Structures are given as structure tokens and as C-alpha cells.
1. Every residue in segment 17-45 that is more than 28 Å from Tyr139 (Cα to Cα) and either among the aromatic types (Phe, Trp, Tyr) or touching a helix residue (DSSP H, G or I) at 6+ places or on another chain (Cβ under 9 Å) (or both), please.
2. Taking segment 71-128 as the search range and keeping residues that are basic (Lys, Arg) and under 24 Å from the mean Cα position of the chain (by Cα), which one is surrounded by the fewest Cβ atoms within 10 Å (Cβ to Cβ)?
3. Which condition does Ala144 not pass, out of (1) small (Gly, Ala, Ser); (2) within 26 Å of Tyr14 (Cα to Cα); (3) part of a loop (DSSP other than H, G, I, E, B), if it passes all the others?
4. Return a yes/no flag: does segment 2-10 have any residue that is among the hydroxyl-bearing types (Ser, Thr, Tyr), under 22 Å from the mean Cα position of the chain (by Cα), assigned to a loop (DSSP other than H, G, I, E, B) and not assigned by TED's automatic domain parsing to the domain that holds Pro143.
5. Take Gly147 and tell me if it is loosely packed, with under 13 Cβ neighbours inside 10 Å and in contact with a Ser or Thr (Cβ under 7 Å, 6 or more places away or on another chain).
6. Filter segment 26-70 down to residues that are of a type in the set (D, E, K, R) and part of a helix (DSSP H, G or I) and give me whichever is nearest to Tyr14 (Cα to Cα).
7. Suppose we filter Glu104, Glu126, Glu84 for residues that are in contact with a Cys (Cβ under 8 Å, 6 or more places away or on another chain) and under 28 Å from Val12 (Cβ atoms); which single one remains?
Amino acid sequence: MELYLQVFESRVAYGSTVAGLSALCLLLGVAWFWVLYKAPRLDRNRRMLLGMLLFIALLLGLFTVGGLVWQSSRYQTIRIEAAELHIGKTCIPFEILRGHYVREVQGVSLINPQQTRGASYVLVIETQSGRTYTLPDTYYDLPALTGALDTAWEAWRERE
């Protein structure tokens, strides 16, 4: 029986956005097919030009949907157990965990590289094999996550 001490979900969910963009891509695909093969009143040049524009819009929509699906699959549910950490389907036992820390990442201005814009924070989890996992603060509640991870890790160390 698995007992999760804490479960953290990603703050950002793209489900409704992906569904809406998928429906828009389907509509663009139907319009593209209709313009190219079924539009009786348009002459050939206008049909081809409108078909190209619809095809480019369809490709932009499809790539946007693909990017959103890929982005949402990167940041998954984090579960902290008594002796291991689960990031999505990846299981990290505390035996192989080297450490974790919060790192500040400064944003750099595109116009003046010496000028910094805003700062964001990333939780870095390192294993003994050198594998690192980064969890940004825009997707997770880092103070609560680091507190729960510290508590579980210290409790595990005391048992060992």
C-alpha cells in the first residue's frame, strides 16, 4: 500500500486551451478542403491564395496544439512518499537522492544583456548518478514543495 505524504499538481492546465485550438484546427481543415475542392464561385487564383493562407493558419494551429501538449506533459504530478519521490512516472528513492535546493534564475534583457529583468525560482533535485530535475515556481508551489520534501527527507534520514 502506497502512502503519499504530499501530492503536488501542476498549477497550469492546458486542457481547455488544447480542446479549443483542436476544434479551431478542425474547422480550418474543413475550410481549407472546401476552398480547394468545393468552392464554385472563386476563380483558380483566389482559391489557391485562400487555400495557402488557410493551410498556413492550420499549420500554426497544429504546431501550437502540439507545443501545448508537450509543455503540459513536462510538468506532471509530484508525490512525496515516506522513502521516495515520484515525479510523474519517475520514481526517485531517497537512497539515490544527492540533494535539492532552490535556485534563482535572473531574466536578462534582450536589448541590454547587463540589465536583469525579473527573477524566477527553480527547485533543482539532484540524484547521485548526476541526473537533475528542475521544477519552476510558475508551475508548482515551491515553498510548500520544499517544506514537504525537507520533512520527508529528514524523517527518512532519522529512520536509516
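1. Within segment 17-45, Leu28, Gly29, Ala31, Trp32, Phe33, Trp34, Val35, Leu36, Tyr37, Ala39, Leu42 qualify.
2. Lys89
3. (3)
4. yes
5. For Gly147, the condition - loosely packed, with under 13 Cβ neighbours inside 10 Å and in contact with a Ser or Thr (Cβ under 7 Å, 6 or more places away or on another chain) - is not met.
6. Arg47
7. The match here is Glu84.
The values are calculated or read from the model by the stated rules, or taken from the named source; none is laboratory data. Since this is a predicted model, take the numbers as computed values, not measurements. Methodologically, a virtual Cβ is constructed for each residue, glycine included, from the backbone with ideal geometry; neighbour enumeration extends over all protein chains shown.
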